[in-house]
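A quick write-up on the structure given underneath.
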Amino acid sequence: MAGNMEVLRWVRPHLLNLKPYSSARDEFSGEAMVFLDANENPFNAPYNRYPDPLARQLKSKLASLKGINPEKIFLGNGSDEPIDLIIRLFCEPGQHNVVTCDPTYGMYQVAAGIHNIEVRKALLTADYQLNSREVLRWTDQNTRVIFLCSPNNPTGNLLDPAAVLEVVSGFQGIVVLDEAYIDFAPDHSWLKRLDEFPRLIILQTLSKAWGMAGIRLGMAFGQPEVIALLNKIKYPYNLNMLTQQKALELLQNEEKKEDWVRLLLRERAKMADELKSIPVVKKIFPSDANFLLVKVENAAAVYGHLLSRGIVVRDRSRVILCGESLRITVGTPEENTVLIESLKKYPIMNIQ
């Protein structure tokens, strides 16, 4: 318990004593004959009612799927909401800083910038691996949070678990491990080790493997004391009724999700193999996610060629260490075939 309570010393002091807004649905949950407490329109059921502010039924289902206590789950509007709230909870504007890797997911920097928090970037190695010493070197007495993304975006690879452990063990503040793509790298989640590290927060999402990007539902896993604080500072009804209902519906079919993952993994391997024979492709980086980072000759020209054929990929050339690279999501077998055939038709004269 001492380890769990120790994390509270990193919280901005005024937030520890903040009295949160108490909604009608916080003060009463359960069944009743007549609801006259929340100034709701009595007509147009069920959409006239405010949603459960803590999404209890949805948390219960996720707790069963993940094998974790519901009190250790925070649900947000995509993973971007817990990223924002974590910075808001632990970082004093204009005073504290966070450390990220470079390259990595861009929202860590954007969220920090919104709150006037300095971002320090530790460069990944040439093969996109985590340099734990470099990460820790960037920390000082004002560093409150380290963000790690594994599998990383846009590089696609899992970060070396030993290096992650060195960061989690060596840093006294909060470490956020973003596992948005973890379903494509089975058995590598740190979720089962969550209780070993009281200051670790793990992010996951339903956007990728579960195919729910459109309903915007992200998950943060941490110790109950941390989750309670995130619930304290979030907006009262951050997850609408439709999101909660649809997520519960789709989570009933875990077998379909596993089928999708198996198919996408096969297609990822097939795509990587077929890309090797295309002249404009210079390198295909190993991936543990549902996308490939591909180095090509003249990325802007290749991007334009694909766009002219109605195929949209992501040009990551301006990202550090990713020069002349395209990030290509693994699609359906049919979509992947269209991509490969289009790349085969890229004019040879464009290759310098």
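How high is the FRET efficiency between Asn17 and Leu321 when r is their beta carbon distance and R₀ equals 35 Å, given to the nearest 0.05?
Result of the calculation: an efficiency of 0.20.
Stokes-Einstein D for region 255-350 at 4 °C, 1.567 mPa s, Kirkwood Rh over Cα pairs, in µm²/s?
95
By per-residue mean of other Cβ atoms within 10 Å, what is the highest-first order of 103-109, 182-188?
Sorting 103-109, 182-188 by mean packing, highest first, produces 103-109, 182-188.
If each residue's Cβ is checked for other Cβ atoms within 10 Å, how do Thr100, Thr155 rank with the fewest at the top?
Taking fewest neighbouring Cβ atoms as first place, the list is Thr100, Thr155.
By how many degrees, between 0 and 90 and to the nearest 10, does the Cα long axis of helix 333-344 differ from the longest principal axis of the chain?
Value to nearest ten degrees: 40.
Tell me which lysines have Cα within less than 25 Å of Lys121's Cα, excluding those fewer than 8 residues away on the same chain?
Lys295
Among Cys149, Cys101, Cys322, whose mean-square fluctuation peaks in a Gaussian network model of the chain (Cα, cutoff 10 Å)?
Comparing Cys149, Cys101, Cys322 in a Gaussian network model of the chain, the most mobile one is Cys322.
Of Asn17, Cys91, Met241, which is farthest on the positive side of the dipole of the chain, counting Cα position, with +1 on Lys and Arg Cβ, -1 on Asp and Glu Cβ, and the Cα centre as origin?
In the chain, that residue is Cys91.
Which angle between 0 and 90 degrees, to the nearest 10, do you get for helix 161-170 versus the longest principal axis of the chain when only C-alpha atoms count?
40
If r is the Cβ-Cβ distance from Lys270 to Val34 and R0 is 56 Å, what FRET efficiency results, to the nearest 0.05? If you can, show how the numbers build up before the last one.
Details: r = 59 Å, r/R0 = 1.05.
Once the sixth-power term is evaluated, E becomes 0.45.
If you wrap a convex hull around the C-alpha atoms of region 123-207 and split its volume per residue, what is the figure in Å³?
Expressed per residue, the convex hull around the Cα atoms of region 123-207 is 99 Å³.
Students often check this: by mean Cβ neighbours within 10 Å, which of 63-71, 114-122 ranks highest, and how do the rest follow?
Packing order, densest peptide first, comes out as 114-122, 63-71.
Please report the orientation-averaged projected area of the chain, defined via the convex hull of its C-alpha atoms, in nm².
With every direction weighted equally, the projected area is 20.1 nm².
Indicate, rounded to the nearest 5 percent, the antiparallel portion of the DSSP beta bridges found entirely in the chain.
Antiparallel bridges make up about 50 percent of those DSSP assigns within the chain.
Tell me, what is a quarter of the convex hull surface for the C-alpha atoms of region 57-216, in nm² with one decimal?
9.0
Given the peptides 156-169, 236-249, 72-85, arrange them by the average over their residues of other C-beta atoms within 10 Å, most packed first. List each step's numbers first, then the result.
Values: 156-169: 18.2, 236-249: 16.5, 72-85: 22.4.
Peptide ranking by packing, descending: 72-85, 156-169, 236-249.
List the residues whose amide H sits under 5 Å from the amide H of Val99, counting only those 5 or more places along or on another chain, with H placed 1.01 Å from N in the peptide plane.
Arg120, Val145, Ile146, Phe147
Readers should treat all values here as calculations from the given coordinates under stated rules, not as data from a laboratory. Note that the structure is a prediction, hence the values are computed from the model and not measured. Here Cβ is always computed from backbone atoms with ideal geometry, including for glycine, and neighbour counts include all displayed protein chains.
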